[in-house]
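A short reminder: the numbers here are calculations on the coordinates, not readings from a lab. Quick caveat, the model's predicted, so the values are computed rather than measured. We place every Cβ from the backbone using ideal geometry, glycine too, and count neighbours over all the protein chains shown.
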Amino acid sequence: MHLLAIPLRKSFDADPLLYVCPEKYVESISRGCLVVVPWRDGEQEAVVFSILDEAPEVPYEVRDILRVLTSTSVLHEYELHDIITLTQKYLLRIHLVGQLFLPATILNTYARQNYVSCEKSNLRE
């Protein structure tokens, strides 16, 4: 299974990045959930934008996600759609628009907690 993910700290351009979802995480992945993805020599959080059965051609090495932070969606469908729309319309890097919807202060707050223990009542309704 492959994922298109919206990185939340750094990005190259206006497109979500393609990643492979290892078998052990398949049951935990849903659209809008938070995952940790590799970024150059480090890692960063990303929101799953879409789940794909087949991978499209991309000009970079497709890597595995590192772990799932929460299987609960942290963004609504319309917010995911708005991130892509705004990014493409104004030619912005996707992480900058993603941060408008899920700023670093919120990510840092979740990081101090255990992501897996986050329940839907603690997240945006």
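Residue order for ASP82, ASP41, fewest other beta carbons within 10 angstrom first, comes to ASP41, ASP82.
Using a cutoff of 8 angstrom between alpha carbon atoms and counting only pairs six or more residues apart, the relative contact order for the chain works out to 32 percent. Taking the fewest neighbouring Cβ atoms within 10 Å as the starting point, the ordered list for SER28, SER50 is SER50, SER28. Over the Cα atoms of the chain, the radius of gyration divided by the Kirkwood radius equals 0.93; this is the Rg/Rh ratio.
Sorted ascending by nearby beta carbons within 10 Å, beginning with the fewest, TYR19, TYR25 become TYR25, TYR19.
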